[in-house]
1. Hand me the tally of lysine pairs in the range 25-143: alpha carbons under 18 angstrom apart, and the pair either on different chains or 8 or more positions apart.
2. Taking 22 Å as R0, compute the FRET efficiency from the Cβ-Cβ separation of Ile68 and Glu137 and round it to 0.05.
Amino acid sequence: MKRQKILVCMLALVIMLANVSVGLAKSTESVWYASNERAGSDFEIHIWLEDHKLWGSHDASARRGARIDSSRGEISIKGTLDNHSSKGKSNWTDYIVRWKSGYSDASGWAYLIFQEDGTVYWNIYEVEQPGEYYLPEEAILYRQK
């Protein structure tokens, strides 16, 4: 009798875990890139999206590679879906993200806007912690993967 109760409890636990895993949202992963040849700068972000949350890492270079700002694969961009889109267009997906430089302690806030044409618009709108950083103030990024 005791074994039956244990088996029933274990079976119930397995069923509950299976239901939870089916109910979890799938995350998507993508890499985005921008280059400004005239300024000698590059910017790449690796993004993970799940539900209304966004995480990412970045690599940026400036002055033709003389300055590198990289999170070295660590999370340096975190945000959530902006429910109060400044554009007022439902075909845009706007995220408000907090960014952290890999070059210094600089950090702040930016918009990441997934546009209808398949590009991503990056715009730093506030520097909260001043310092030297090489993430661009503004960029149009194109999907790499």
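1. Numbers: Lys26/Lys53; Lys26/Lys78; Lys53/Lys78; Lys53/Lys100; Lys78/Lys100.
Lysine pair count for the range 25-143: 5.
2. Working from the Cβ atoms, E equals 0.80.
Since every read-out is calculated from the coordinates, none of them should be taken as a lab result. Remember, predicted model here, so these are calculated numbers, not experimental data. Don't worry about glycine lacking a Cβ; one is built from the backbone with ideal geometry, like all the others, and counts go over all protein chains shown.
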